[in-house]
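S.K.: Take a look at this one; I'll ask things after.
The values are calculated or read from the model by the stated rules, or taken from the named source; none is laboratory data. All values derive from a computational prediction rather than experimental measurement. Methodologically, a virtual Cβ is constructed for each residue, glycine included, from the backbone with ideal geometry; neighbour enumeration extends over all protein chains shown.
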Amino acid sequence: MKKADLIPELEVPLEPNMLKIEILPNNPESIKFFVGIWFPVKEDSKHDESFIIPTDEKAIISLTILTFSEGGRHYRKAIDRFSTLPYGSIPDHDIDFFEHFIRHLEDKWVVLCDLGDKHLTNCVSRILRIPLNYITNSVSSTN
């Protein structure tokens, strides 16, 4: 067994802050679905007051769907699932697997937006606390 069979990211490379959706032929009887994102990407801060992105996480789900025919009808059945989500369960339906992925991204987005909001509020507070004479002296010294 190849390492890429166990870790789908090795098969489909992720780019920072870009959602990647791939449908890969696995063999003639199956298809591999891959959804992944590297979000948010942690950036090194060059300033003490920069907004610090808290995590650097790659969230990935994939599943292999077996396609087969029986009695003249075509069927599809998930035969394996892979996830890097922090919680795990075997979903009742394959669409639930994708729903868990989307909810995880939503949770991360809300946390990131809240942190960004707090950072902006702190920046504005710092700006408003600068003494007026400091601003006036800075402006007059540049003229």
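S.K.: Does at least one position in the range 85-104 carry a residue that is of a type in the set (Ser, Thr, Tyr), part of a helix (DSSP H, G or I) and farther than 19 Å from Glu57 by Cβ?
M.R.: Within the range 85-104, the subset of a type in the set (Ser, Thr, Tyr) is 87, 89.
Okay, now just the ones that are also part of a helix (DSSP H, G or I), so none.
Within the range 85-104 (the criterion being of a type in the set (Ser, Thr, Tyr), part of a helix (DSSP H, G or I) and farther than 19 Å from Glu57 by Cβ), the answer is no, since none of the residues qualifies.
S.K.: Any residue at all in the range 8-21 that's of a type outside the set (Val, Ile, Thr), at pLDDT below 85 and on the phi > 0 side of the Ramachandran plot?
M.R.: For the range 8-21, residues of a type outside the set (Val, Ile, Thr), at pLDDT below 85 and on the phi > 0 side of the Ramachandran plot: present.
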